[in-house]
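Take a look at the structure below.
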Amino acid sequence: MTTADSTSPSPTSGESTTPARRGFGIDVGGSGIKGGVVDLDTGELVGDRYKLPTPQPATPSAVAQTIAAVVDEFGWTGPLGVTYPGVVTNGIVRTAANVDKKWIGTNARDIFSAGLKGQEVVVLNDADAAGLAEARYGAGQNTAGVVVLLTFGTGIGSAVIHNGILLPNTEFGHLEVGGKEAERRAASSVRDRRGWSYEKWTKQVTKVLIAIENAMCPELFIAGGGISRKADKWVPLLKNRTPVVPATLQNTAGIVGAAMAATRGVTH
Ligand code: BGC
């Protein structure tokens, strides 16, 4: 077991008194709960991430126990961030589009914190976490102005970041686009279910991107989610106006963004 907290000295700092800024993030997904220590100067993980299977059923208390086991693996004692795939305001879960509806109304922050004997926890939307990380350390790092990250998976998640500041809990996946909810039109699960080609699916994605850019004129779209690893197959087929680039942090973005959200001086 390693011991770490937000004031751990940098292993490369030698006699220097400047501590490396470290945070801790946990990404709660449908199949795995992954955590790791994050170097907040570079956005890279310090050592390996640790993953445990998501308990089934994924009730709030079962998830809290798994989170505690992941944190314990690192001996992390500082504040930490945890992602959730829905709207979260002040720690309280407001929506549950693709997870058990029992989550709605629960105070996830307090439940997770109680599982950690009172350790400080910040809970934020999964796409918001990925957006924070991509805007700062990934595909959006050289773009000033409004950056919109969309994650394409079971649903569509969204994050809006303006000059590094997150506007939390946008839910563009639930916008009605041409009479149909965006995520029922263009999530990557829709493509899998229907057996669509990239060409066919990309037409639906274009409609969603046009609806968003008509409403808010972002400088850049970042496409995330598993299907962004195949971006060369479909991003060039998009016909909307705003440039679209694939996410670059891939499966660490949630952990990194969660750690950012929990660390004072990084996003607040
Ligand atoms: C939820 C979002 C979430 C996204 C990706 C959507 O159905 O409403 O909050 O970010 O799925 O998990």
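The values are calculated or read from the model by the stated rules, or taken from the named source; none is laboratory data. Only a predicted model underlies this, so the values are computations on that prediction, with no experimental measurement involved. Reconstructed Cβ throughout: ideal geometry from the backbone, glycine too, with neighbour counts over all protein chains shown. Calculation scope for accessible area: heavy atoms of the full protein, side chains included, ligands and nucleic acids excluded. Shrake-Rupley method; radii C 1.70, N 1.55, O 1.52, S 1.80 Å.
Can you report the number of residues in segment 190-224 which are free of Cβ contacts under 8 Å to residues at least 60 places away in the same chain, out of contact with any helix residue (DSSP H, G or I) (no Cβ under 8 Å at 6 or more places or on another chain) and buried (at least 17 other Cβ atoms within 10 Å of the Cβ)? Adding up the residues that qualify gives 2.
Per-residue answers, yes or no, for (1) touching a His at 6+ places or on another chain (Cβ under 8 Å); (2) at pLDDT 95 or above; (3) not basic (Lys, Arg):
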site	(1), (2), (3)
His162	no, yes, yes
Gly178	no, yes, yes
Glu183	yes, yes, yes
Lys203	no, yes, no
Thr206	no, yes, yes
Asn214	no, yes, yes
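Whether any residue in segment 103-115 is within 16 Å of the ligand (Cβ to nearest atom), in a loop (DSSP other than H, G, I, E, B) and either touching a residue at least 24 places away in the same chain (Cβ under 8 Å) or open to solvent by less than 60 Å² (accessible area, probe 1.4 Å) (or both) is what I want to check. The answer is yes, given that some residue of segment 103-115 is within 16 Å of the ligand (Cβ to nearest atom), in a loop (DSSP other than H, G, I, E, B) and either touching a residue at least 24 places away in the same chain (Cβ under 8 Å) or open to solvent by less than 60 Å² (accessible area, probe 1.4 Å) (or both). Only one of the numbered conditions (1) in contact with a Gly (Cβ under 8 Å, 6 or more places away or on another chain); (2) at positive phi is not met by Arg109, and that is (2). Scanning segment 240-264 for residues that are assigned to a loop (DSSP other than H, G, I, E, B) and touching a Leu at 6+ places or on another chain (Cβ under 9 Å) returns Asn240, Arg241, Thr242, Pro243, Ala247, Thr263. Leu124 falls short of the stated requirement of being in contact with a Leu (Cβ under 6 Å, 6 or more places away or on another chain), within 16 Å of the ligand (Cβ to nearest atom) and either open to solvent by 20 Å² or more (accessible area, probe 1.4 Å) or modelled with pLDDT of 95 or more (or both). Residues in segment 56-72 that are more than 14 Å from Tyr84 (Cβ to Cβ) and open to solvent by 30 Å² or more (accessible area, probe 1.4 Å): Gln56, Pro57, Ser61, Gln65, Ala69, Asp72.
Scanning segment 239-257 for residues that are in contact (Cβ under 8 Å) with a residue 60 or more places away in the chain, touching a helix residue (DSSP H, G or I) at 6+ places or on another chain (Cβ under 8 Å) and not β-branched (Val, Ile, Thr) returns Pro246, Ala247, Leu249, Ala253, Gly254, Gly257. Restricting segment 165-176 to residues that are out of contact with any Leu (no Cβ under 6 Å at 6 or more places or on another chain) and more than 10 Å from the ligand (Cβ to nearest atom) leaves a set whose member that is most open to solvent (accessible area, probe 1.4 Å) is Glu176. Within the option set Arg136, Arg185, being within 23 Å of Lys203 (Cα to Cα) and either in a loop (DSSP other than H, G, I, E, B) or open to solvent by 10 Å² or more (accessible area, probe 1.4 Å) (or both) holds for one residue only, Arg185. Restricting attention to segment 139-152 and to residues that are closer than 21 Å to Ala215 by Cβ and in a loop (DSSP other than H, G, I, E, B), the residue that is nearest to the ligand (Cβ to nearest atom) turns out to be Gly140. Among residues that are loosely packed, with under 15 Cβ neighbours inside 10 Å and out of contact with any helix residue (DSSP H, G or I) (no Cβ under 6 Å at 6 or more places or on another chain), Asp39 is not included.
Being within 16 Å of the ligand (Cβ to nearest atom), closer than 30 Å to Gly91 by Cα, polar (S, T, N, Q) and in contact with a Pro (Cβ under 9 Å, 6 or more places away or on another chain), is that true of even one residue in segment 153-164? Yes, some residue in segment 153-164 is within 16 Å of the ligand (Cβ to nearest atom), closer than 30 Å to Gly91 by Cα, polar (S, T, N, Q) and in contact with a Pro (Cβ under 9 Å, 6 or more places away or on another chain). Here's a check for you: in segment 73-102, which residue that is more than 16 Å from the chain's Cα centre (by Cα), closer than 22 Å to Met260 by Cβ and in a loop (DSSP other than H, G, I, E, B) is nearest to the ligand (Cβ to nearest atom)? Applying the filter and picking the extreme gives Arg94. Among the conditions (1) part of a loop (DSSP other than H, G, I, E, B); (2) at pLDDT 95 or above; (3) open to solvent by less than 20 Å² (accessible area, probe 1.4 Å), the only one that Asp48 does not satisfy is (3).
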